[in-house]
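The values are calculated or read from the model by the stated rules, or taken from the named source; none is laboratory data. No experiment lies behind these values; they were computed from the predicted model shown. Quick reminder, even Gly has a Cβ in these numbers, built from the backbone with ideal geometry, and neighbours come from all protein chains shown. Just the protein is used for accessible areas: all its heavy atoms, side chains included, with ligands, DNA and RNA removed. Shrake-Rupley method; radii C 1.70, N 1.55, O 1.52, S 1.80 Å.
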Amino acid sequence: MPKPLVIPESFRLDHTKVRAPYVRLAGVKETPKGDLIEKYDLRFAQPNQEALSTGAIHTLEHLLATYIRSHLEGVVDISPMGCRTGFYLVVLGQPGPQKVLEAFRATLQDVVNHTEPVPGVSELECGNYRDHDPQSAKAWAERLLHSNLHVQETIEIAQEA
């Protein structure tokens, strides 16, 4: 007998009701040893209304991964969403949404202030090193810093009875 499908949390999020840009606690997992891992939705663009270009999101991935670790302990990974509207941040421990929001703001400011070459952008270090757009990445970071970046509660899709 096949195992039942496990629907990911992000597929249960009502994308028509959330308001980007935001930070949202998307889930908490407990490891077999009892450690807690939090997953965050760092949303840049309003779902189904706009998306980041591949060059912008790729450059943001490199810059966010470089800078966020100096503002938040326990970062395991930060990776782009396939829909290109934001990133998932995975953190060991429970910093909580407000602390993640503060670290995200500081990281976005680091992106805006970044003047050196983007880290990890060579044929040796990156699987698609030609697809970067530092100007668009900085423009998105600036946009979020001057917007209503907030903590968004999870709004699940209403289940019909």
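When a/c is below 1.5 the answer is rounded, else prolate if a/b is larger than b/c, else oblate, so apply that to the stretch 1-75 with a ≥ b ≥ c taken from the square roots of the Cα gyration tensor eigenvalues. Oblate, since a/c reaches 1.5 and b/c is not below a/b.
Could you check how much of the accessible area of the stretch 1-75 is carbon and sulfur, as a whole percent, using a 1.4 Å probe?
57
The listed residues 1, 81 rank as 1, 81 when sorted by accessible area, largest first, using a 1.4 Å probe. Projecting the Cα atoms of 78, 15, 60 onto the charge dipole of the chain, computed from C-beta unit charges around the Cα centre, puts 15 farthest toward the positive end. Counted by Cβ distance under 15 Å from residue 68, the other residues give a net charge of -3, where Lys and Arg count +1 and Asp and Glu count -1. Report the extension gain between residue 94 and residue 77 in nm, rounded to one decimal, defined as 0.36 nm multiplied by the number of residues separating them, less their alpha carbon distance. This chain segment gains 4.7 nm when fully extended. The residues packed around residue 126, meaning those with a beta-carbon under 15 Å from its beta-carbon, carry a net charge of -4 if Lys and Arg are +1 and Asp and Glu are -1. In a simple Cβ point-charge model (Lys, Arg +1; Asp, Glu -1; nothing else charged), the stretch 1-86 has a dipole of about 220 debye relative to its Cα centre. Of the trypsin sites (Lys or Arg not before Pro) found in the stretch 108-161, those that fall in a DSSP loop while having at most 11 other beta-carbon atoms within 10 Å are 130. Calculated accessible area for the stretch 1-140 comes out at 55 Å² per residue, all protein chains present (probe 1.4 Å; ligands, DNA, RNA ignored).
Checking the cross-link filter: which aspartates and glutamates have an alpha carbon closer than 12 Å to that of residue 39, excluding same-chain neighbours under 8 positions apart? In chain and number order, the partners are 9, 30, 77. Roughly speaking, what is the centre-to-centre gap between the stretch 113-161 and the stretch 63-101 when only Cα atoms are used, to the nearest Å? Between the Cα centre of the stretch 113-161 and that of the stretch 63-101, the gap is 11 Å. Rounded to the nearest 20 debye, the dipole size of the chain about its Cα centre is 260 debye, using +1 on the Cβ of Lys and Arg and -1 on the Cβ of Asp and Glu. GNM remark for the chain: springs join alpha carbons under 10 Å apart, and the peak mean-square fluctuation among 109, 49, 135 falls on 49.
Taking every alpha-carbon pair under 8 Å whose residues sit at least 6 apart, the stretch 63-161 reaches a relative contact order of 25 percent.
Name the GluC sites (Glu not before Pro) in the stretch 73-131 that are in a loop by DSSP and that have at most 12 other C-beta atoms within 10 Å, would you?
In loop regions of the stretch 73-131 (DSSP not H, G, I, E or B), the sparsely surrounded GluC sites (Glu not before Pro) are 73, 123, 125.
Taking one quarter of the surface of the convex hull spanned by the alpha-carbon atoms of the stretch 1-157 gives a direction-averaged projected area of 11.3 nm².
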